[in-house]
Amino acid sequence: MVVPHHATGARLARHRLADELTGLVPPALLADLVAVLAELVGNAVRHADPLPGGVVRVAWRLRTTERGPSVQLRVTDGDSGTGPRIRVASPDAVDGRGLHIVSGLSSRWGVDRDGLGQSVWAEFDPAGSHRPDLVAAG
């Protein structure tokens with residue numbers, strides 16, 4: 001899906017993700033997916049250029065495995081030039097914690113670049129989860 005390169009884009013993406021994955025993944029995993037997607041879209045809006053048309057592209061892929069659902073989130077923007085990186089935020093800082101949230105909730109995350117922009121992705125894999133309570137019984 002595409003969402004506006006604006007603060008409302010994160011809200012639209014969160015609602016669509018929740019609508020599509022409710023009942024397909026455990027509620028705790030869905031909550032983490034929604035939180036991470038909001039961070040990724042918010043970061044794209046705050047720190048990167050939009051894609052042509054003033055948008056950000058948002059995608060997710062759900063795979064069913066014997067250990068439970070595996071999900072990849074991907075947010076593509078027009079690139080920021082420097083790319084996302086985890087920062088150290090002081091207790092008084094009003095921002096700078098987003099990628100800590102992404103790293104803590106997902107199994108792994110990263111950045112892919114091509115000639116059109118950058119895609120920041122996060123994977124939620126039951127076998128590699130940071131949170132064992134998300135692993136569904138098989």
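Key figures for this structure:
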quantity	calculated
Tally, over the stretch 98-108, of residues that are open to solvent by less than 20 Å² (accessible area, probe 1.4 Å), assigned to a helix (DSSP H, G or I) and among the small types (Gly, Ala, Ser)	1
Pairs where the first residue, in the stretch 1-28, is touching a residue at least 60 places away in the same chain (Cβ under 8 Å) and the second is open to solvent by 50 Å² or more (accessible area, probe 1.4 Å), C-beta under 6 Å, 6+ apart	5/50
Residues within the stretch 69-81 that are more than 16 Å from residue 45 (Cβ to Cβ) and at pLDDT below 90, tallied	0
Pair list, Cβ < 6 Å and 6+ apart or interchain, from the stretch 43-55 residues that are within 16 Å of residue 102 (Cα to Cα) and at pLDDT 95 or above to residues that are part of a helix (DSSP H, G or I) and aromatic (Phe, Trp, Tyr)	none
Residue, farthest from residue 50 (Cα to Cα), within the stretch 7-17, restricted to residues that are in contact with a strand residue (DSSP E or B) (Cβ under 9 Å, 6 or more places away or on another chain) and open to solvent by 80 Å² or more (accessible area, probe 1.4 Å)	16
Residues of the stretch 109-120 classified as surrounded by 14 or more Cβ atoms within 10 Å (Cβ to Cβ) and over 16 Å from residue 44 (Cα atoms), total	0
Residue count for the stretch 1-34, restricted to those that are of a type in the set (Gly, Ala, Ser) and touching a Gly at 6+ places or on another chain (Cβ under 8 Å)	2
Search result, residues across the stretch 18-44 that are of a type in the set (Asp, Glu) and surrounded by 18 or more Cβ atoms within 10 Å (Cβ to Cβ)	32, 39
Hits in the stretch 45-75 - residues which are more than 12 Å from the chain's Cα centre (by Cα), closer than 20 Å to residue 35 by Cβ and open to solvent by less than 80 Å² (accessible area, probe 1.4 Å)	45, 48, 56, 62, 68, 69, 70
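The values are calculated or read from the model by the stated rules, or taken from the named source; none is laboratory data. No experiment lies behind these values; they were computed from the predicted model shown. Cβ: placed from backbone, ideal geometry, glycine included. Neighbour counts: every protein chain shown. What goes into the accessible areas is simple: the full protein's heavy atoms, side chains included, and nothing from ligands, DNA or RNA. Shrake-Rupley method; radii C 1.70, N 1.55, O 1.52, S 1.80 Å.
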